[in-house]
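Each remark here refers to the structure printed beneath this line.
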2 protein chains.
Amino acid sequence: MTQQLLLTAIDHFGKSGFDGASTRAIASASGTAMSSITYHYGGKKGLYLAAADHIAESLSEGLGPILANAREHAAAPRNQAVETILLLLDGMATMMLSPASEPWARFIIREQQQPTEAFERLYLGAMRDVTETLVALVKRARPDLDDFEARATSIFLHGHALTLRAGRAAVHRVLGYETLDDDVCQRLRKRLRVHALRILTEEEVPS
Amino acid sequence: MTQQLLLTAIDHFGKSGFDGASTRAIASASGTAMSSITYHYGGKKGLYLAAADHIAESLSEGLGPILANAREHAAAPRNQAVETILLLLDGMATMMLSPASEPWARFIIREQQQPTEAFERLYLGAMRDVTETLVALVKRARPDLDDFEARATSIFLHGHALTLRAGRAAVHRVLGYETLDDDVCQRLRKRLRVHALRILTEEEVPS
DNA sequence: GTCTATACTACGATAGAC
DNA sequence: GTCTATCGTAGTATAGAC
């Protein structure tokens, strides 16, 4: 039951924000009484933070295999580092394109605009692993970049995947599709791969 | 007074969403009575839509000169098209990095996750001009791409600027800065330019 | 542990004074 | 055009039955 309460909470908080979501509605949609939120989580804020923790856990689990693989190649030779980054980015893009990510991505994006204690938990619990792994790989793939440039590059690479969620409504409009079917998703991922490859390939030094 | 009401509304709706924001708080922060919202906008929903319209107008005005320049170069030769795109992207990045964009960007990002009638107004009133101009320029810069590829490329290029707002909290963490000063912003824009340039340069065909 | 009942606060809308 | 006053509704929290 507490599991269902968490899933419903992520959905409602993501859609309406902390203030906009109502504990009555969350409890009702979870098939229980509102007072069970008080019993299990101590109140609305406790439920909100528990929802953030649950997202962090799911995220870590979802990217777990890819992240483990990426960490193994943290000291890999350059071409292998590039390929590892492409794999990681494709995993992130696949998540962002999946309908399953809609509820928790909404929650995270909302927290990004106005971070609270919940963002701290999201970042330390799951996001930091991803970003720091990505930065390490970028440094491996592009040893010519300094620390800032490598971090900025990581942000923009990560941003390719993020855009597919954060700008979803615009993506639909620009492509002219009301839904993104498997074929479209695959073509978007292909394009993302091409972009990343070009960004990760060191510039030829002109004579 | 109705101007102040709109600005406050954008801020409150952006932060708390439609449900979470309260007309009492908006009116109070604007130095007027709640009933003036009913008088001027017919109610909470009317104020929300008026806020979206106001954002669309501001956005159009803000990017106006750059967009006008971009449209002039819609049929420009390739190198010029690339340079025009870089200019447009830099303008968008500068907006996204500016503290002034925080309130309305929050509003738009929220609408992107769960579009309502307000997104329709934002898109048709301002965003479509930007995206369609960008798509036309990308086709000019990369005639080797088909329609879908050009649109996907436009989305990801646009995404570079979007990421600076939508993932702002993560940007702070990854870079290790609590605020983005002028120097950091300039280096981020420089990096964005490098990425865009690489993406817009046609691949050499390997023998 | 899960429910119902209730206390208290804040919401949006509206009527009416000025 | 802007204010105050008020109505009905819905919010969170809490107490207490079972």
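The values are calculated or read from the model by the stated rules, or taken from the named source; none is laboratory data. Remember, it's a predicted structure, so these values are computed and weren't measured experimentally. Cβ atoms come from the backbone with ideal geometry, glycine included; neighbour counts cover every protein chain shown. Remember, those area values only see protein heavy atoms, side chains included, never the ligands or the DNA or RNA. Shrake-Rupley method; radii C 1.70, N 1.55, O 1.52, S 1.80 Å.
Some points to look at:
- Of A:T38, A:T94, A:T131, the residue with the greatest mean-square motion in the GNM of chain A, using alpha carbon springs below 10 Å, is A:T38.
- Solvent-accessible area of the protein assembly as shown (1.4 angstrom probe, protein heavy atoms only): carbon and sulfur portion equals 52 percent.
- Looking at region B:130-202, the chymotrypsin sites (Phe, Trp or Tyr not before Pro) that sit in a DSSP loop and have at most 13 other Cβ atoms within 10 Å of their own Cβ are B:Y177.
- Computed magnitude of the charge dipole of the protein assembly as shown (debye, nearest 20; Cβ of K, R +1, Cβ of D, E -1): 600 debye
- In chain B, helices alone account for a calculated mean residue ellipticity at 222 nm of -25500 deg cm²/dmol, with every DSSP H run of four or more residues adding -39,500 (n - 2.57).
- Net charge of the neighbourhood of B:D90, taken over other residues with C-beta under 10 Å away and scored Lys/Arg +1, Asp/Glu -1, is +3.
- Averaged over peptide B:187-199, the number of partner chain Cβ atoms lying within 10 Å of each residue's Cβ comes to 5.
- Sorted from closest to farthest, the other copies place their B:K190 label points 3.7 nm away, with each point set 7 Å from Cα along Cα→Cβ.
- Here the Gaussian network model covers chain B, with springs between Cα atoms less than 10 Å apart; of B:R24, B:R142, B:R165, B:R24 fluctuates the most.
- Ellipsoid equivalent to the protein assembly as shown - semi-axes via the Cα gyration tensor, in Å: 35, 28, 18
- Efficiency of FRET between B:E117 and A:Q114 - r from beta-carbon atoms, R0 35 angstrom, step 0.05: 0.90
- Check: chain A dipole with +1 on Lys, Arg Cβ and -1 on Asp, Glu Cβ, in debye: 440 debye
- Comparing Cα centroids, region B:92-127 and region A:49-100 end up 28 angstrom apart.
- By the combined test of axial Cα extent (at least 15 Å) and Kyte-Doolittle hydropathy (mean at least 0.5), the qualifying DSSP H helices of chain A come to A:78-97.
- Under a Gaussian network description of chain B, with springs only between Cα atoms under 10 Å, the residue in B:V135, B:V82, B:V171 that fluctuates furthest is B:V171.
- In this simple spin-label approximation, B:S28 and A:H172 carry label points 7 Å from Cα along the Cα→Cβ vector, and these lie 3.6 nm apart.
- Region B:153-192-region A:162-198 distance, computed between alpha-carbon centres (Å): 20 Å
- Residue-count net charge about A:F13 - beta-carbon cut-off 15 Å; Lys, Arg +1, Asp, Glu -1: +2
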